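*Asks:* First the structure, then my questions, so here it is.
The values are calculated or read from the model by the stated rules, or taken from the named source; none is laboratory data. Note that the coordinates shown come from a computational prediction; the quantities given were computed from them, not determined experimentally. Every residue, glycine among them, receives a Cβ derived from its backbone with ideal geometry; neighbour counts consider all protein chains shown. Side chains are part of the model used for accessible areas, which takes the heavy atoms of the whole protein and leaves out ligands, DNA and RNA. Shrake-Rupley method; radii C 1.70, N 1.55, O 1.52, S 1.80 Å.
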Amino acid sequence: MKLNAPTAPGAPAVDVRPYEGGDRAGVLAMRLSRRSLYHRFFAGTPHVPAFYAGTLDGIDHVDRDALVAVAGSEVVGIAEYTRDTGLPWRADLAVVVADLWQRQGVATRLIGDLTVAARRHGITELRADVLVGNRAARAAIHGLWPRALAARGDEGTVIYRLPI
């Protein structure tokens, strides 16, 4: 399935595919506001942190997997999971979508495809730490998991446990 951003007439369709090493530069170049960066990394940063791009080098598509959403040659979103080594049936979920592509179904598509891959590798639950003020992410979670319950986490976060 391809997605088009209705707010950008003539915008290229979005393809979702597995993350590859060559996507690192595209992830670093994602057009994200400081607010989007804060919501994803829980810290003020003017751009995608280089250390994060470095962690993507550990993608093995089993215990750590990621999918990218690409419009033309531009990375417009990334969703990833990292298996919990102590609870191998659980993985941490993280998603970020470029500002111009938010609320266009990109995150929903990334999460949907990523949960299929996770389930294939024996993961039956995702954990998502979300800032309390990130209403868009919380709404997206409740759209995909209508019965999702959240527990209070540290420093203004809520923690979702999401069965897949």
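*Asks:* Looking only at region 128-156, which residues are loosely packed, with under 12 Cβ neighbours inside 10 Å and closer than 19 Å to G77 by Cβ?
*Replies:* If the condition is that a residue be loosely packed, with under 12 Cβ neighbours inside 10 Å and closer than 19 Å to G77 by Cβ, then R135, A139 are the ones that fit.
*Asks:* Six or more apart or on different chains, Cβ under 9 Å: which pairs go from a residue in region 151-164 that's closer than 22 Å to P88 by Cα and part of a loop (DSSP other than H, G, I, E, B) to one that's open to solvent by 40 Å² or more (accessible area, probe 1.4 Å) and among the charged types (D, E, K, R)? Could you list them?
*Replies:* G153/D129; I164/R119
*Asks:* Still on this model: Within region 1-43, can you find the residues that are open to solvent by less than 50 Å² (accessible area, probe 1.4 Å) and at pLDDT below 90? Quick ask: steps written out before the conclusion?
*Replies:* Filtering region 1-43 for residues open to solvent by less than 50 Å² (accessible area, probe 1.4 Å) gives 3, 5, 8, 11, 13-14, 16, 19, 23, 26-27, 30, 32-33, 36-37, 39-41, 43.
Scanning region 1-43 gives L3, A5, A8, A11, A43.
*Asks:* Quick one: P46 ticks every box in (1) out of contact with any helix residue (DSSP H, G or I) (no Cβ under 8 Å at 6 or more places or on another chain); (2) exposed (fewer than 13 other Cβ atoms within 10 Å of the Cβ) bar one, so which box is it?
*Replies:* P46 satisfies all of (1) out of contact with any helix residue (DSSP H, G or I) (no Cβ under 8 Å at 6 or more places or on another chain); (2) exposed (fewer than 13 other Cβ atoms within 10 Å of the Cβ) except (1).
*Asks:* Quick one: would you say D60 is open to solvent by 60 Å² or more (accessible area, probe 1.4 Å), more than 21 Å from I159 (Cβ to Cβ) and not β-branched (V, I, T)? Quick ask: steps written out before the conclusion?
*Replies:* Values: open to solvent by 60 Å² or more (accessible area, probe 1.4 Å): yes; more than 21 Å from I159 (Cβ to Cβ): yes; not β-branched (V, I, T): yes.
It is true that D60 is open to solvent by 60 Å² or more (accessible area, probe 1.4 Å), more than 21 Å from I159 (Cβ to Cβ) and not β-branched (V, I, T).
Residue-wise test of (1) among the charged types (D, E, K, R); (2) more than 19 Å from R31 (Cβ to Cβ); (3) within 14 Å of the chain's Cα centre (by Cα).
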| site | (1), (2), (3) |
| --- | --- |
| A71 | no, no, no |
| Q102 | no, no, yes |
| I123 | no, yes, no |
| L126 | no, yes, yes |
| G133 | no, yes, no |
| R147 | yes, yes, no |
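*Asks:* I want to confirm something. Restricting to region 77-110 and keeping residues that are among the small types (G, A, S) and not in a helix (DSSP H, G or I), which single residue is most open to solvent (accessible area, probe 1.4 Å)? Please lay out each step first, then the result.
*Replies:* Step one: list which residues in region 77-110 are among the small types (G, A, S), which gives 77, 79, 86, 91, 94, 98, 105, 107.
With not in a helix (DSSP H, G or I) added as a condition, the list becomes 77, 79, 86, 91, 94, 98, 105.
On the way: G77: 0, A79: 0, G86: 59, A91: 0, A94: 22, A98: 2, G105: 31 Å².
Restricting to residues being among the small types (G, A, S) and not in a helix (DSSP H, G or I), the top hit is G86.
*Asks:* Taking region 111-120 as the search range and keeping residues that are without any contact (Cβ under 8 Å) to a residue 60 or more places away in the chain and open to solvent by 50 Å² or more (accessible area, probe 1.4 Å), which one is nearest to L87 (Cα to Cα)?
*Replies:* Top of the filtered list is R119.
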